[in-house]
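The structure appears below as structure tokens.
The values are calculated or read from the model by the stated rules, or taken from the named source; none is laboratory data. Since the structure is predicted, the reported quantities are computational estimates derived from the model, not experimental observations. Quick reminder, even Gly has a Cβ in these numbers, built from the backbone with ideal geometry, and neighbours come from all protein chains shown. Just the protein is used for accessible areas: all its heavy atoms, side chains included, with ligands, DNA and RNA removed. Shrake-Rupley method; radii C 1.70, N 1.55, O 1.52, S 1.80 Å.
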Amino acid sequence: MAKDYVFRHREVYKGVSIDVRASTQKELGIKISEKKSRIDRFGRATFTDMTVREWSERWIRTYVDGSATMKTYKDIECRLEKRILPVIGNMKLTAVRPAHCQEIINSMAGYSLDRINKVNNTLYQLFKKAQANWLIERNPAADLSKPKATNGHGRALTPYEQEILVKVCETHEAGDWALMMLYCGLRPGETATVKWCHLKDGAIYIDGTKTKNAKRTVPVPDALYARLDAQRGAPFDYIFKRGGKPLTHCGLTRTWWNIKREMQILAGTKMIRNQLVPPYKIDDKVIAYCCRHTFATELKDAQMPFTIMQELLGHSTGTITDVYLHSTEKSLELARRLLAEHRKEAAPRKGLKGFEDKDLVTSIHAK
């Protein structure tokens, strides 16, 4: 049953029609004051005219710019322009319903869970702040369902891809940069922060910012350390640069693209008028981050204790580290050998006669 209000006030304030009802004169005064303050703060478009696009511009300027890194800012801007605004950008903020937001998320079926989560979070934060500023009553992105996604996990480089990369790095001007990711497990963004003072005593200190665990020291292979040491600059100069300037997000992308291009050429990908043409010999999914996954897998193959692997990778939890530990033939063979030994000893004790893999055990002892 609709509530009967005793008092009502209507007026046009700064171009916005105000129609307020209340049970008491005091309540009416408070509501009028609140609505006028919103108009004073956000302008004419606050209630009837403000579109999602208009609010998104104000939101990213007020709540994202200054508090996020440039990379994060650009990522959010990209999500808005490519995923969100084409669908609901011209809608009035107050007209957006959960179904509209669900439409956006559903359109990402088949993408990685990480990308879906990021778009979902951007939607949620966009409307959460609109709600906090009294522009909408409810957050239409508060309870969205996620479509089926790929696992989104990166992969390690194959032995062949590693071989091609190392050969390219021998002569490429950014070769040391790629080798640092491959042999020390740096995230691409972390390579832009390392300075010469961080390289000492055969190791590199990584001033990571992703979590407190991202700050770590990792051993550098002797050959790579010697190559870098021979180029040593001033203590607080950045080790890796592009065009004489510190690496930016765009610089990181362009540098890897250039190395990847050289890998394609070395692997035998054909070129026409200086342009690579399909079929490509190096998988399109080979990205800079694959070097970090390769490093993680190498740690596992070396039977590195899990806690040390977690420390060298700069992970806050072991769950994250698990994502990076890709299966290889070497690790599977090791598992087989250890299980065979265990089963040989345990079978008689457990009464499991014939359970042990006799052929495999015999071949192991023969080795």
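For the peptides 94-102, 50-58, the ranking by mean Cβ contacts within 10 Å, running from highest to lowest, is 50-58, 94-102.
Over region 202-287, what percent of the accessible surface lies on carbon and sulfur atoms, probe 1.4 Å? That fraction is 55 percent. Solvent-accessible surface of region 45-104, averaged per residue with a 1.4 angstrom probe and all protein chains in place: 55 square angstrom. A crude spin-label estimate for the pair ILE32 and ILE18, with each label 7 Å from Cα along the Cβ direction, gives 0.7 nm. Solvent-accessible area assigned to carbon and sulfur over region 34-149 amounts to 47 percent, based on a 1.4 Å probe.
Extension gain, ALA214 to TRP257: 0.36 nm times the residue separation minus the Cα-Cα distance gives 12.9 nm. Per the Debye formula on identical point scatterers at the alpha carbon atoms of region 92-239, with no solvent, log10 I(q)/I(0) at q = 0.09, 0.11, 0.20 Å⁻¹ is -0.51, -0.66, -1.13.
Between ALA203 and GLN275, what FRET efficiency comes out of the Förster formula 1/(1 + (r/R0)^6) with R0 = 41 Å and r the beta carbon distance, rounded to 0.05? According to the calculation, E is roughly 0.50. Name the residues of region 69-91 whose amide N is less than 18 Å from a point 7 angstrom out from the Cα of THR248 along the C-beta direction? What the label zone holds, given the 18 Å backbone N cut-off, is 69-78. Once the Cα-Cα distance is subtracted from the 0.36 nm per residue extended length, the ALA132 to LYS167 segment shows a gain of 7.1 nm.
The calculated FRET efficiency for the pair THR158 and GLU57, based on their C-beta separation and a Förster distance of 56 Å, comes to about 0.80. Remark: the ALA234-TYR289 segment gains 17.0 nm on full extension, using 0.36 nm per residue and subtracting the alpha carbon distance.
Summarised in one figure, the compactness ratio Rg/Rh of region 174-279, Cα atoms and Kirkwood Rh, is 1.03.
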